Amino acid sequence: MDKTVLVEKAIEDGKKLIEALDKADFQVEAAMWFYLPDSDEWRLFIASPFVETNGPTEAYGFIQPVLANLKLSEISLRNISVLSPKHHLISLLKTAIHTGPGISRIRF
């Protein structure tokens, strides 16, 4: 994946993963691509109550087979970070940005 610019294919693959997780009853309250300058990489942040109740290890365990079935070229488990919906970054963004229940392609 291009490190400095988030490519359209990665955005589309992220959308496909979120849709597949939704179909698998893995509730996603927020998802976003986030650039981490220290490691020069893009990560797909996924905020879910599943993380709050079961922990991140279980969340990654749930996501891995869904991801494997999709065979996406731009996302691997190492490109994903799972968060609680109560994480300070998620709370701050929910306050600043209001979207509906669907997938919105907002850039900020």
Please give the number of the condition residue 31 fails out of (1) touching a strand residue (DSSP E or B) at 6+ places or on another chain (Cβ under 6 Å); (2) on the phi > 0 side of the Ramachandran plot; (3) not hydroxyl-bearing (Ser, Thr, Tyr).
-> (2)
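Rundown of residues vs (1) acidic (Asp, Glu); (2) loosely packed, with under 13 Cβ neighbours inside 10 Å; (3) over 11 Å from the mean Cα position of the chain (by Cα); (4) closer than 18 Å to residue 76 by Cα, yes/no style:
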| site | (1), (2), (3), (4) |
| --- | --- |
| 15 | no, no, no, yes |
| 25 | yes, yes, yes, no |
| 30 | no, no, no, no |
| 38 | yes, yes, yes, no |
| 43 | no, no, no, yes |
| 51 | no, no, yes, no |
| 57 | no, yes, yes, yes |
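Within region 30-53, can one find any residue that is of a type in the set (A, V, I, L, M) and over 26 Å from residue 8 (Cβ atoms)?
Yes, some residue in region 30-53 is of a type in the set (A, V, I, L, M) and over 26 Å from residue 8 (Cβ atoms).
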Going through region 19-46 one residue at a time, which ones are at pLDDT 95 or above and among the small types (Gly, Ala, Ser)?
-> 20, 24
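The values are calculated or read from the model by the stated rules, or taken from the named source; none is laboratory data. On a predicted model such as this, the values are computed, not experimentally measured, just so you know. Positions of Cβ are generated from backbone atoms using ideal geometry, with glycine treated the same way; all protein chains shown enter the neighbour counts.
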